[in-house]
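Shown below is the structure under consideration.
No lab work stands behind these numbers, since they all come straight from the coordinates. Just so you know, these numbers come straight off a predicted model, no measurement behind them. So basically every Cβ, Gly included, is an ideal-geometry build from the backbone, and we count neighbours across all protein chains shown.
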Amino acid sequence: MGARRRDLSVGDYVEGVRAGSCSIVGRAITLVESRNPAHLRQAEEMVLRLLPHSGRAHRVGITGVPGVGKSTFIESLGTMLTGRGHKVAVLAVDPSSTRSGGSILGDKTRMAKLSVDSNAFVRPSPAAGTLGGVAQKTRETMIICEAAGYDVILVETVGVGQSETVVANMVDFFLVLMLPGAGDELQGMKKGVLEIADMIAVNKGDGENELRARLAAREYDNALRIVTQPSLFWKPQVVVCSGLTGHGLWPMWAAVQEHRRILSEKGAWLVKRQQQQIRWMWSLLEERLMLMLRHHEPVQKMLPQIEKDLVQNRTSPSVAAARILGTFFEKDETKNMKQMIPSRREGF
């Protein structure tokens, strides 16, 4: 058996992250993902101390239809950026199976070249069945990576559905990858995804696919005209690129930089970051209130009967919810709330 790794203090974590140590960055992320209450307190203090050293990176969310080649695209983009002097962190919002708790976690094998790049950091993050939970940990992970000197954060949505909106709410720029041939893909593309996209990139637009990709790009551009744009100051763009050959990636990245420049000049970029902090707070509040509710002993005792009444139509969901909340907020019970979850430091 190997020697046991020594425990690190908050100061050790902060010093190691600020020095850019990949091993310490990895351990710091593991710390914030831990469900151990003692680890939570330590993680809170660490993130609070790293917060002033974060916030300057490009935060880019990337999603795409199945088979679009996200991993190849992200690896090519990341490698191109590290080759031009950037430090790139790739984080995957990976909703775990709600049945097994399993998680894909295949990013390091899917991005073999980027994973061994000294200026890159690839980190999959399991959600343990809760999309909101992984989103909160991803926010903290972004702070750690930025404090470690990574100036580009690529957040990949591995799941589908709600994950796109969650990621869009924590990044500065949201990129949607699509396939050549607009037909079925355009029909299947959700209006909600179009409304949060800052750019649509038609991937695999090389070789015989190039003409089809350009035709598809025209269709996507027309589709964007009929939806609400995510910003008053930015018209979402449609580009053609190839993750396999690298074609179109640099002009695409130039557009990402232009987006930040324009929004910064208008004051919208700072406002967006401030809104992200507020949404983070509310997300944390919702998570902790649900945690308190689920571990509230009087509520736990009454749940079997309430659920029985529900399925037998003796009560309605709204009445049942009101009964649960009434029990939860009874005066004699609220005094124990603080003991149910670790306290958070004021202002964070």
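Filter the trypsin sites (Lys or Arg not before Pro) in region 208-241 down to the DSSP loop ones having no more than 12 other Cβ atoms within 10 Å, then list what survives.
R225
Ordered by residue, what ³J(HN,Hα) values in Hz, to whole numbers, does region 277-282 give under the Karplus form 6.51 cos²θ - 1.76 cosθ + 1.60, where θ = phi - 60° and Gly and Pro are x?
With the stated coefficients, region 277-282 comes to 5, 5, 4, 4, 4, 5 Hz.
So what are the ³J(HN,Hα) numbers for region 149-158, from phi and the Karplus equation (6.51, -1.76, 1.60; θ = phi - 60°), rounded to whole Hz, Gly and Pro as x?
For region 149-158, the Karplus curve yields x, 6, 9, 10, 10, 9, 10, 9, 8, 7 Hz.
For R84 paired with R49, estimate the spin-label separation in nm (one decimal), with each label point 7 Å from Cα along the Cα-to-Cβ line.
Placing both labels 7 Å beyond Cα along the Cβ direction yields 3.6 nm.
Any chance you could check the Cα centroid distance between region 233-269 and region 18-63 for me, in angstrom?
27
Then there is this: Quick one: which residues, 5 or more positions from V122 or on another chain, have an amide H under 5 Å from its amide H? H modelled 1.01 Å from N in the peptide plane, none for Pro or chain starts.
Here V90 satisfy the definition.
Spin-label point model (7 Å from Cα, Cβ direction): what's the T72 to N36 distance in nm?
4.2
I've got another one for you. Averaging over all projection directions, find the projected area of the Cα convex hull of region 18-58 and quote it in nm² with one decimal place. List each step's numbers first, then the result.
Working: hull surface 13.0 nm².
Quarter of the Cα hull surface area: 3.2 nm².
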